[in-house]
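The values are calculated or read from the model by the stated rules, or taken from the named source; none is laboratory data. Computed from a predicted model, the values in this text were never measured in an experiment. Here the Cβ positions follow ideal geometry from the backbone for every residue, glycine too, while neighbour counts run over all protein chains shown.
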Amino acid sequence: DLEGKKLVVTAGPTYEPIDPVRFIGNRSSGKMGFAIANIAAQRGAQVTLITGRVHLPTPKFVKRINVETASEMYRTVMKYQSKANAIIMAAAVADFTPAAVSLTKIKKEAFQEKTLSLTLKRTKDILQEVSFKNKRSVLIGFALETGNAIIHAKKKLKEKGLDVIVLNSALEEGAGFDVDTNIVTIISKNGRIEKLK
Ligand code: CTP
């Protein structure tokens, strides 16, 4: 039933380099985005899966593009978004990245104090940027929350100009990062709320 439709799906974490050997990342496994890409391809869609570093095989009939940082993911999504019927952003994109990347390994001897501060700068909100540019594609975002979930998700739906937001809790058992199951609430822009166990 999705034959002839083009989908862009993002998945996984982004890695933001600190120096040549270290990065800031998150616990996203990519499983949710890969599952979405897989089922959409089985239903006949032409799927482009833009993913951060994960340990997952590429689903059959899916075009996979590997990226590492939030800015790489931004550039890649921008390249593919205009032709997509729907864009599904399941990736856990870093909101902040080191303001400067050290070209050499940071040595502990260089710091006298017992603490080390890193200066971070905001990354681009990919969903928001797509939403500004592209009024044609169906735009689906995700919200990972730990409290006041529905309120935060509705705010993201509105502010990011989405058609649908899928809310999942980071704390509920059987949901969140790196598990094989999920428990979600799907909120549509027309106010419809659907809970899936
Ligand atoms: N997202 C994005 N670009 C970012 C950050 C998030 O495209 N720089 C997308 C995610 O892929 C997801 C949605 O925005 O579909 C919401 O992500 P989430 O981390 O829940 O929210 P944030 O907007 O980052 O807000 P906060 O971290 O403050 O909850």
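Note on segment 1-44: residues that are surrounded by fewer than 22 Cβ atoms within 10 Å (Cβ to Cβ) and part of a loop (DSSP other than H, G, I, E, B) amount to 14. From the list Lys135, Lys121, the lone residue that is away from the ligand (no atom under 11 Å from the Cβ), assigned to a strand (DSSP E or B) and of a type outside the set (Gly, Ala, Ser) is Lys121. Among strands (runs of 3 or more DSSP E) entirely within segment 51-108, having at least 1 residues that are aromatic (Phe, Trp, Tyr) and over 19 Å from Lys31 (Cβ atoms) singles out 96-98.
Can you work out which of the residues in segment 71-84 that are within 10 Å of the ligand (Cβ to nearest atom) and surrounded by fewer than 24 Cβ atoms within 10 Å (Cβ to Cβ) is farthest from Gly4 (Cα to Cα)?
Quick first cut of segment 71-84, residues within 10 Å of the ligand (Cβ to nearest atom) only: 71, 73-74, 77.
Imposing the further condition that a residue be surrounded by fewer than 24 Cβ atoms within 10 Å (Cβ to Cβ) reduces the set to 71, 74.
Details: Ser71: 30, Tyr74: 25 Å.
Within segment 71-84, the match that is farthest from Gly4 (Cα to Cα) is Ser71.
Restricting segment 143-197 to residues that are more than 12 Å from the ligand (Cβ to nearest atom), surrounded by 13 or more Cβ atoms within 10 Å (Cβ to Cβ) and of a type in the set (S, T, N, Q), which is farthest from Arg27 (Cα to Cα)? Looking at the filtered set, the residue picked out is Ser188. The residues in segment 34-79 that are within 13 Å of the chain's Cα centre (by Cα) and of a type in the set (Phe, Trp, Tyr) can be counted, and the count is 2. State yes or no: is Ile140 within 20 Å of the chain's Cα centre (by Cα), touching a residue at least 24 places away in the same chain (Cβ under 8 Å), in a strand (DSSP E or B) and surrounded by 12 or more Cβ atoms within 10 Å (Cβ to Cβ)? Answer is yes for this residue. Close contacts from segment 85-110, counting a first residue that is over 25 Å from Leu162 (Cα atoms) and within 16 Å of the ligand (Cβ to nearest atom) and a second that is assigned to a loop (DSSP other than H, G, I, E, B) and of a type in the set (Phe, Trp, Tyr), with Cβ to Cβ under 6 Å and a gap of 6+ residues or different chains, come to none at all. Checked against the criteria, Thr119 counts as farther than 30 Å from Gly4 by Cβ and either modelled with pLDDT of 95 or more or under 16 Å from the mean Cα position of the chain (by Cα) (or both). In segment 154-168, the residues that are under 16 Å from Glu129 (Cβ atoms) form Cβ pairs under 6 Å with partners that are near the ligand (Cβ under 8 Å from one of its atoms), at six or more places apart or across chains, as follows: Lys156/Ala143; Lys156/Ile165; Lys160/Leu127; Lys160/Gln128; Lys160/Gly141; Leu162/Gly141.
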